[in-house]
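J.: Please see the structure below; I have some questions.
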Amino acid sequence: MKDRQAIVVKNTRVADEIWSMTLRFDDLDEIKGAQFLDIKLPDRSKILRRPFCICDFDAAEKTVEVCYAVVGGGTKVLTEAKEGDKLNVLLPLGNGYSPKGKKIMLIGGGMGAAVLPAVVTANPDKEFYAYIGFANAGKVVLEKQLADNCTNVTVATDDGSYGKKGFVTTVAREAYDAIQPDEIFVCGPEVMYRAIKKTFEGVKTPVYVSLEQRMGCGIGACLVCNCKVKRADGEGYVRVCKDGPVFLLDEVVL
Ligand SMILES: Cc1cc2nc3c(=O)[nH]c(=O)nc-3n(C[C@H](O)[C@H](O)[C@H](O)COP(=O)(O)OP(=O)(O)OC[C@H]3O[C@@H](n4cnc5c(N)ncnc54)[C@H](O)[C@@H]3O)c2cc1C
Ligand code: FES
């Protein structure tokens, strides 16, 4: 992990309050899917860096894509970054996801879908079945990007305004028996992990989740991002930024 200077190559609005930014670096370490980066904002009043998952990357071009929702002051400042601007970025952070099986079911909810393309790019020898869910048609992102390299991509919207109507957890569970994946990888809000626990109850396939917590340092030093886990040796706390963000769902205390 290094603090590097990135050049903004592109920063455009891609859906309702959702933007995509491409950053170019002089050099890039190897990236695993579900790792993240921490951006220093070009606004001195905002001291804390903002974490975003590495949505996708191109190792040859030394570029990284970030797909972000505008939710507050920091992400608003990011929308103002123009082509050629420089940003300080710490990356790659976190443990990332290394699939062991061949057939992987990906499930993304809302901005959680932004974790998935890099998982596919980092593992070109695997077979991916992606299920992505959004509130409505205006929020749908990354469908085409995933479709380019996944065996199948299914979109669900809560209100049925695009793709299948319903929660993506239910839609993915309906498809599970036919696919019989070796592993399931999920990224979304905590409420979605609770739903996955319930919907996939009894399913033996290991489920990995990428957790999102409020963060301070992003590198394991401040303990702001603690999360409770239950393992064979008892309960304890882990740091989402350093020990995660990827954990086995069975181990996470929700
Ligand atoms: C490891 C990690 C990866 C992330 N990846 C992405 C991503 O790929 N795309 C994306 O859009 N967002 C992602 N986030 C969330 C993103 O970091 C926050 O949305 C962003 O920092 C908000 O900054 P802000 O200054 O605009 O908002 P603030 O003014 O700080 O907060 C505005 C609102 O956003 C909520 N918020 C702030 N930080 C978080 C957080 N960490 N988790 C949940 N809600 C938060 C606040 O509760 C508040 O309601 C990620 C967070 C983490 C920890
Ligand atoms: S954000 Fe500081 S330890 Fe995780």
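J.: When the residues of region 60-78 are filtered to those that are in contact with a Phe, Trp or Tyr (Cβ under 7 Å, 6 or more places away or on another chain) and part of a helix (DSSP H, G or I), which remaining residue is farthest from residue 27 (Cα to Cα)?
T.: 75
J.: Any residue at all in region 224-238 that is of a type in the set (Gly, Ala, Ser) and within 12 Å of ligand 1 (Cβ to nearest atom)?
T.: Step one: filter region 224-238 for residues of a type in the set (Gly, Ala, Ser), giving 232, 234, 236.
Going one step further and asking which of them are within 12 Å of ligand 1 (Cβ to nearest atom), we end up with none.
No: region 224-238 contains no residue that is of a type in the set (Gly, Ala, Ser) and within 12 Å of ligand 1 (Cβ to nearest atom).
J.: May I pose another question? Of everything in region 212-222 that's out of contact with any Gly (no Cβ under 8 Å at 6 or more places or on another chain), of a type in the set (A, V, I, L, M, F, W, C) and more than 11 Å from ligand 1 (Cβ to nearest atom), which residue is farthest from residue 50 (Cα to Cα)?
T.: 221
J.: Could I ask something else about it? Quick one: which strands (runs of 3 or more DSSP E) sit completely within region 6-56 and have at least 1 residues that are of a type in the set (S, T, N, Q) and over 16 Å from residue 92 (Cα atoms)?
T.: Values: elements: 18-24, 36-40, 50-53.
Fully inside region 6-56 and qualifying: 18-24.
J.: Just to verify a result, which residue in region 38-53, among those that are touching a Phe, Trp or Tyr at 6+ places or on another chain (Cβ under 8 Å) and within 8 Å of ligand 1 (Cβ to nearest atom), is nearest to residue 113 (Cα to Cα)?
T.: In this case the residue turns out to be 53.
J.: Separate question: Can you spot a residue in region 79-95 that is free of Cβ contacts under 8 Å to residues at least 40 places away in the same chain and either polar (S, T, N, Q) or outside any loop (DSSP other than H, G, I, E, B) (or both)? Explain how you work it out, then say what you get.
T.: Step one: filter region 79-95 for residues free of Cβ contacts under 8 Å to residues at least 40 places away in the same chain, giving 80.
Pick out the ones that are also either polar (S, T, N, Q) or outside any loop (DSSP other than H, G, I, E, B) (or both) and you get none.
No - not one qualifying residue is present in region 79-95.
J.: Identify the residue in region 180-198 that is surrounded by fewer than 18 Cβ atoms within 10 Å (Cβ to Cβ) and not charged (D, E, K, R) and, among all such residues, is farthest from residue 106 (Cα to Cα). Outline the logic, then answer.
T.: We begin by selecting, within region 180-198, every residue surrounded by fewer than 18 Cβ atoms within 10 Å (Cβ to Cβ); these are 180, 182, 189-191, 194, 197-198.
Now restrict to residues that are not charged (D, E, K, R): 180, 189, 191.
Numbers: 180: 13, 189: 15, 191: 17 Å.
Among residues in region 180-198 that are surrounded by fewer than 18 Cβ atoms within 10 Å (Cβ to Cβ) and not charged (D, E, K, R), the one farthest from residue 106 (Cα to Cα) is 191.
J.: Please go through region 145-173 and pick out each residue that is exposed (fewer than 14 other Cβ atoms within 10 Å of the Cβ), out of contact with any strand residue (DSSP E or B) (no Cβ under 6 Å at 6 or more places or on another chain) and of a type outside the set (Gly, Ala, Ser).
T.: 148, 159, 165
J.: Same structure, new question: Go through region 220-237 and report how many residues are within 15 Å of residue 248 (Cα to Cα) and near ligand 2 (Cβ under 10 Å from one of its atoms).
T.: Residues meeting the conditions: 1.
J.: Let me ask another. From the list 96, 108, exactly one residue is within 16 Å of ligand 2 (Cβ to nearest atom) and more than 19 Å from residue 25 (Cα to Cα). Which is it?
T.: On the way: 108 fails: within 16 Å of ligand 2 (Cβ to nearest atom).
Of the residues listed, the single one that is within 16 Å of ligand 2 (Cβ to nearest atom) and more than 19 Å from residue 25 (Cα to Cα) is 96.
J.: Could you list, in sequence order, all residues of region 200-254 that are part of a loop (DSSP other than H, G, I, E, B), exposed (fewer than 12 other Cβ atoms within 10 Å of the Cβ) and in contact with a strand residue (DSSP E or B) (Cβ under 7 Å, 6 or more places away or on another chain)?
T.: Passing the criteria: only 253.
J.: May I pose another question? List the pairs whose first member sits in region 136-159 and is under 16 Å from residue 57 (Cα atoms) and not assigned by TED's automatic domain parsing to the domain that holds residue 102, whose second member is among the basic types (Lys, Arg) and in a helix (DSSP H, G or I), and whose Cβ atoms are under 7 Å apart, counting only residues at least 6 apart or on separate chains?
T.: Hits for this filter: zero, empty list.
J.: If you go through region 99-133 one residue at a time, how many are over 14 Å from the mean Cα position of the chain (by Cα) and touching a residue at least 24 places away in the same chain (Cβ under 8 Å)?
T.: Keep residues of region 99-133 that are over 14 Å from the mean Cα position of the chain (by Cα), which gives 99-105, 123-129.
Subsequent filtering for residues that are touching a residue at least 24 places away in the same chain (Cβ under 8 Å) retains 99-105, 123-124, 126-129.
The qualifying residues number 13.
J.: Here is a further query. If I ask for residues that are surrounded by 13 or more Cβ atoms within 10 Å (Cβ to Cβ), of a type in the set (D, E, K, R) and more than 12 Å from ligand 1 (Cβ to nearest atom), which ones from region 63-99 would you list?
T.: Listed by number, the list holds a single entry, 85.
J.: Does residue 174 meet the test of being of a type in the set (Asp, Glu), more than 16 Å from ligand 2 (Cβ to nearest atom) and part of a loop (DSSP other than H, G, I, E, B)? Even if it seems obvious, please write down each step before you answer.
T.: Details: of a type in the set (Asp, Glu): yes; more than 16 Å from ligand 2 (Cβ to nearest atom): yes; part of a loop (DSSP other than H, G, I, E, B): no.
No; evaluated as a whole, the condition is false for this residue.
J.: Moving on to the next point. Go through region 41-62 residue by residue and tally those that are modelled with pLDDT under 95 and exposed (fewer than 13 other Cβ atoms within 10 Å of the Cβ).
T.: 3
J.: So residue 72 passes all but one of these: (1) within 16 Å of ligand 2 (Cβ to nearest atom); (2) without any contact (Cβ under 8 Å) to a residue 12 or more places away in the chain. Which condition number does it fail?
T.: Single failed check for residue 72: (1).
The values are calculated or read from the model by the stated rules, or taken from the named source; none is laboratory data. Just so it is clear, the structure is predicted and the values come from calculations on it, not from any experiment. Virtual Cβ from ideal backbone geometry, glycine too; neighbours counted across all protein chains shown.
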